[in-house]
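In what follows, a single structure is set out as structure tokens and then discussed.
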Amino acid sequence: MYISEAINKVLFELLTTNPEVYLMGEDIESPYGGAFKITKNLSEQFKSRVINTPISESSLVGVASGMAMRGLRPVLEIMFGDFMTLGMDQLVNHASKFHYMYNGQVDVPMFIRTPMGGRRGYGPTHSQTLEKLLLGIPGIKVLALSQRHSFHDIYIHAVTKEKCPVILIENKALYSMRQELPENGRSGDFFITESAGPYPCLTLSLNNFVSADATVVTYGGMLPLVEKAATQLCLDEEIFVEIVVPSLLGVPLDINWVEASLRRTGRLVIVEEGTQSFGFGSEVAALACSKYFKLLKYPVIRIAAADSPIPCARHLENLVLPNEANIYQELKWGILNDS
Amino acid sequence: MTHDILVPRINSNDDSYILVEWEFSAGDFVKEGDVLCVIETSKSTFEIHAEESGYIHIFVHEHSKIKEGDAICRLSKEKEMPLNEKFDLSRNPSLASDKQIKATKKAIETARDLGVDLGKMMGDGIISQKDVEAFAQSQNVEDKKQQEVSFVTFKMDRDRIINDEFLKELLKDLGDRREFASLPSQKKIEIYRDKGALIGEDVKFERGSCIISQFMDIGAGTVFGENSVFQSKAMKIGRMCRFGDQLRVASTLLDIGDLLFTDNGIKIGEGGEWGPESILKIGDSCFIGEECMINTSRTVTIGNEVCLAYGAKIFTHNFWQPVLDGYAALFNPVKINDGSVIGVNVVIMPGVEVGAGSSVLTNSLLATNVPSGSVYAGIPAMMIKPAGSYPINLSYDEREKMIYKIFESLAEDLSFKGDDAQVLQEKEGVKLIWRNENTVFVYRRRLKSGDDLGAGAFKRWVLLTFENVLEDLKDAITVFDLSKKEVNGKQDEYSDELREALRKRGIRFKPILWRYKRRAQWIDLPMPLKFEK
């Protein structure tokens, strides 16, 4: 099943089983069904609960936090993650604070889903990866899923069980990919272990966790690229890496999921699609240095987008964003030069 | 005729598609334009149509991931799958990643060095170098046993092993005087037989030729050309072999089948000839062209009906720079399987295996294995046609057209020699009437007992057929059976005429003849005046 279909299905299931669930967003009703067709055909069956809103992210988030406080479970679509900035005041100064400001008398179980990421030639304002602006705000959970995470289970939990605002980052490139869930600890060429809890962290290995040269932390839409680079590296050079893929990015960030793998490898690599400075990778590296300093035998390697706006032209976009080839090169030479 | 169906480019968004379902099962007959299968893109489904009619051979399972350019099935005139499926998967990289054994480059190299078949390794996940080494370790005991068995390829009678000064004298003799070598053939044979060698009837050691071996078993009718020197610990050579002049052959063990034909100036040995693995095995009916070189540092195995064309060279070792400085030193056996052809000046590197019925084209440098029925060419040699491209199962109609052309060109040749020959296309076959010799060549797809053959106006009847059910052949009849590749009946200069015409198109009959009873010497032929201006 394609991931776009999987999300559509779980939204249908949520609408069917939970009368408190409302979908809201710009042009999400039929026939358009949202810019990425995720809400396709839902408005026909749930006319009053799948709602087109004006082009005003600020009011959309504001209205939703009011609904959430009154016991509903709004699910918002922000058409492009780049426009999260327009709803930022409602999110940062209101939705995330209400629970604390009103002494725990209210919850704001609002769920915002929004696509981020480039590789489609959409230019500087429709291709960004802006998780870093949302991370580190107390009171908000930020999730990002890969094709090997169960969209179904995580959606159900986040929409129906959470009490705080949850933002789910969906990478555009993943929509046209298939869900590849691990079966009996295997998926494709990889051996996979999954941490417990509603937001599992996956650890992938090509040699059943025997030994590896690096622990690569990545998330969301970067996983397919890192997997390809890792497989190629194994085939060409017999350099094995373990890939650690959290689904809950923060906050607070607890990186205990990286410990087991770091014990085996002693080297931390962080791959992310956002710009490198002051982001998720910076935080993971900093925490690893303070918490697992003795496990680290080599310098941390960071692979991320250049600190630059994303160009429209595909060939220039490719230069800015990390891709399969440069992940392969950076991993290979980072490991070979320093071991 | 076969036709592979490839995945087209369907849209620009997807790297790969899903094959949802097949509309036919393997072996079904498909008509041109039929929907073969349904492919799903990220946006829609898409039907693939048959571009021609034929039986379908499916390469890809339902629900598999496929990429643009992958071959998903083959349409063939033959119902049976003519090739092994394993190889076809490897043609499609994206399929290979799903279905085939995956191994790292180091693992593949190690497997080649240790002689491990990756296909036999029951791996979970990607096979690494360590996995291969562990597997080789577990296999080692078994391998050693096999090696011991394969070393001795023929039985030797202990009493016939020559173990005295005679051989040492021969070696000295070769150095300067060549006294023994210049003896007449019959004399040399007598001396050898006297020492215990097994030598059949009509064997000839031409002037200057000499064999220095502790065990000799030479079949009847074999001829050793002038100034040829053979050295080996033990040798077994089949019947009716023809070795050219100026051969230098040195190998611990020589095991050569019947009817080998070699041209002049062949070199066998060329380094490492007295090692335990210096073995040359050649099957029946092979051809080795002039100035070929076979290096026997390690075992070289050549199957039946293999052709090594002019100047082909086989190496089983490859070293020069010191291994202590990280350079490679290679010693690996080479195997060439039945019915393959190694082109002019091809160089074969150590460790290569050429599959049955394959072709390696002129001047190639062959450093990889060649699967059966494929065509390779280039430096280094690359695949030109995939495994199983040959043999092609042609229909009888197509074959009959070819036979008609062969008859036509045979008639032309005969006319050039001043004979009266005429080809007639008949309802049931083709007929070539060779009037002045009172002979007729007849092609019939099937010969029946009731046919009016072997009688009437002609003195000689030479018959060519795919299916021979004639029981008793009259004296004046020769039958060439194209299915069994056999000749029955009388064989003389008339039947050889057809036999030679067929041989020039690669059609050989058992026993294979390299020498023919020629009707006319070239000196007797008329001047080709029509070519003059």
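The values are calculated or read from the model by the stated rules, or taken from the named source; none is laboratory data. On a predicted model such as this, the values are computed, not experimentally measured, just so you know. Note that each Cβ is placed from the backbone with ideal geometry, even for glycine, and that neighbours are counted across all protein chains shown. The protein model used for the area step is the full one, side chains on, heavy atoms only, and it has no ligands, DNA or RNA in it. Shrake-Rupley method; radii C 1.70, N 1.55, O 1.52, S 1.80 Å.
Scan region B:411-429 for residues that are modelled with pLDDT of 90 or more and either of a type in the set (Phe, Trp, Tyr) or under 20 Å from B:Val469 (Cα atoms) (or both) and report the count. Residues meeting the conditions: 0.
Do we have A:Lys332 as basic (Lys, Arg), within 14 Å of chain B (Cβ to nearest Cβ) and either closer than 27 Å to A:Ser187 by Cβ or open to solvent by 20 Å² or more (accessible area, probe 1.4 Å) (or both) here? Taking the combined requirement at face value, the residue satisfies it.
Does any residue of region B:56-63 turn out to be assigned to a loop (DSSP other than H, G, I, E, B), within 25 Å of A:Gln179 (Cβ to Cβ), under 36 Å from the mean Cα position of the chain (by Cα) and in the same structural domain as B:Val7 (by TED's automatic domain parsing)? Don't jump to the end; show me each part of the working.
Just the residues of region B:56-63 that are assigned to a loop (DSSP other than H, G, I, E, B), to begin with: B:59-63.
Then keep just the ones that are within 25 Å of A:Gln179 (Cβ to Cβ); that gives B:60-63.
From what is left, the residues that are under 36 Å from the mean Cα position of the chain (by Cα) are B:60-61.
Now narrow it down to the ones that are in the same structural domain as B:Val7 (by TED's automatic domain parsing): B:60-61.
Yes: one or more hits.
Pairing residues of region B:226-246 that are farther than 17 Å from B:Leu513 by Cβ with residues that are of a type in the set (Lys, Arg), at Cβ distances under 7 Å and at least 6 apart in sequence or on separate chains, gives B:Glu226/B:Arg207; B:Val229/B:Arg248.
Are there helices (runs of 4 or more DSSP H) fully within region A:85-165 with at least 2 residues that are in contact (Cβ under 8 Å) with a residue 24 or more places away in the chain and β-branched (Val, Ile, Thr)? List them.
Values: elements: A:98-101, A:131-134, A:151-161.
Hits in region A:85-165: A:151-161.
Within region B:486-498, the set of residues being touching a strand residue (DSSP E or B) at 6+ places or on another chain (Cβ under 7 Å) and of a type outside the set (A, V, I, L, M) comprises B:Glu486, B:Asn488, B:Gly489, B:Lys490, B:Gln491, B:Tyr494, B:Ser495.
Here the strands (runs of 3 or more DSSP E) wholly within region A:172-289 that include at least 1 residues being within 14 Å of another protein chain (Cβ to nearest Cβ) and either out of contact with any Leu (no Cβ under 8 Å at 6 or more places or on another chain) or open to solvent by 10 Å² or more (accessible area, probe 1.4 Å) (or both) are A:190-194, A:202-205. Here A:Gly62, A:Gly34 are screened, and the one residue that is open to solvent by less than 10 Å² (accessible area, probe 1.4 Å) and either in a helix (DSSP H, G or I) or in contact with a strand residue (DSSP E or B) (Cβ under 9 Å, 6 or more places away or on another chain) (or both) is A:Gly34. Among the residues in region A:152-165, are any within 11 Å of another protein chain (Cβ to nearest Cβ) and out of contact with any Gly (no Cβ under 8 Å at 6 or more places or on another chain)? Taking every residue of region A:152-165 in turn, none turns out to be within 11 Å of another protein chain (Cβ to nearest Cβ) and out of contact with any Gly (no Cβ under 8 Å at 6 or more places or on another chain).
Of the residues B:Phe315, B:Phe331, B:Phe287, only one is open to solvent by 40 Å² or more (accessible area, probe 1.4 Å) and under 25 Å from B:Arg505 (Cα atoms); which? Criteria check complete, one pass: B:Phe287. Residues in region B:389-411 that are in a loop (DSSP other than H, G, I, E, B) and either open to solvent by 60 Å² or more (accessible area, probe 1.4 Å) or of a type in the set (Val, Ile, Thr) (or both): B:Tyr390, B:Pro391, B:Ile392, B:Asn393. Scanning region A:299-335 for residues that are outside any helix (DSSP H, G or I) and touching a residue at least 60 places away in the same chain (Cβ under 8 Å) returns A:Ile301, A:Ala305, A:Pro309, A:Ile310, A:Pro311, A:Cys312, A:Ala313, A:Leu321, A:Pro322, A:Asn323.
I'm trying to understand the selection: among the residues of region B:468-487, which are open to solvent by 20 Å² or more (accessible area, probe 1.4 Å) and at pLDDT 85 or above? Spell out how you get there, then give the answer.
Restricting attention to region B:468-487, the residues satisfying the condition of being open to solvent by 20 Å² or more (accessible area, probe 1.4 Å) are B:468-476, B:482-486.
Correct list: B:Leu482, B:Ser483, B:Lys484, B:Lys485, B:Glu486.
Taken over region A:17-48, residues that are farther than 23 Å from A:Phe83 by Cβ and within 26 Å of the chain's Cα centre (by Cα) amount to 4. Looking across region B:46-61 at every residue that is under 14 Å from B:Val7 (Cβ atoms) and open to solvent by 60 Å² or more (accessible area, probe 1.4 Å), the one that is nearest to the other protein chains (Cβ to nearest Cβ) is identified as B:Phe46. The set of residues in region B:18-45 that are within 14 Å of another protein chain (Cβ to nearest Cβ) and either touching a Cys at 6+ places or on another chain (Cβ under 6 Å) or not in a loop (DSSP other than H, G, I, E, B) (or both) comprises B:Ile18, B:Leu19, B:Val20, B:Glu40, B:Thr45. For region B:232-249, a residue qualifies if it is closer than 15 Å to B:Thr296 by Cβ, crowded, with 21+ Cβ neighbours inside 10 Å and out of contact with any Ser or Thr (no Cβ under 7 Å at 6 or more places or on another chain), and exactly one does: B:Val249.
Taking region B:170-228 only, how many residues are open to solvent by less than 50 Å² (accessible area, probe 1.4 Å) and either modelled with pLDDT of 90 or more or not acidic (Asp, Glu) (or both)?
The initial filter retains those residues of region B:170-228 that are open to solvent by less than 50 Å² (accessible area, probe 1.4 Å), namely B:170, B:173-174, B:180-181, B:185, B:188-189, B:191-192, B:196-197, B:199-200, B:203, B:205, B:208-225, B:228.
This time we only want the ones that are either modelled with pLDDT of 90 or more or not acidic (Asp, Glu) (or both), so: B:170, B:174, B:180-181, B:185, B:188-189, B:191-192, B:196-197, B:199-200, B:203, B:205, B:208-225, B:228.
Within region B:170-228, residues that are open to solvent by less than 50 Å² (accessible area, probe 1.4 Å) and either modelled with pLDDT of 90 or more or not acidic (Asp, Glu) (or both) number 34.
For region A:1-31, a residue qualifies if it is more than 14 Å from chain B (Cβ to nearest Cβ), open to solvent by 20 Å² or more (accessible area, probe 1.4 Å) and not β-branched (Val, Ile, Thr), and the qualifying residues are A:Lys9, A:Phe12, A:Glu13, A:Asn18, A:Pro19, A:Glu20, A:Tyr22, A:Asp27, A:Glu29, A:Ser30, A:Pro31.
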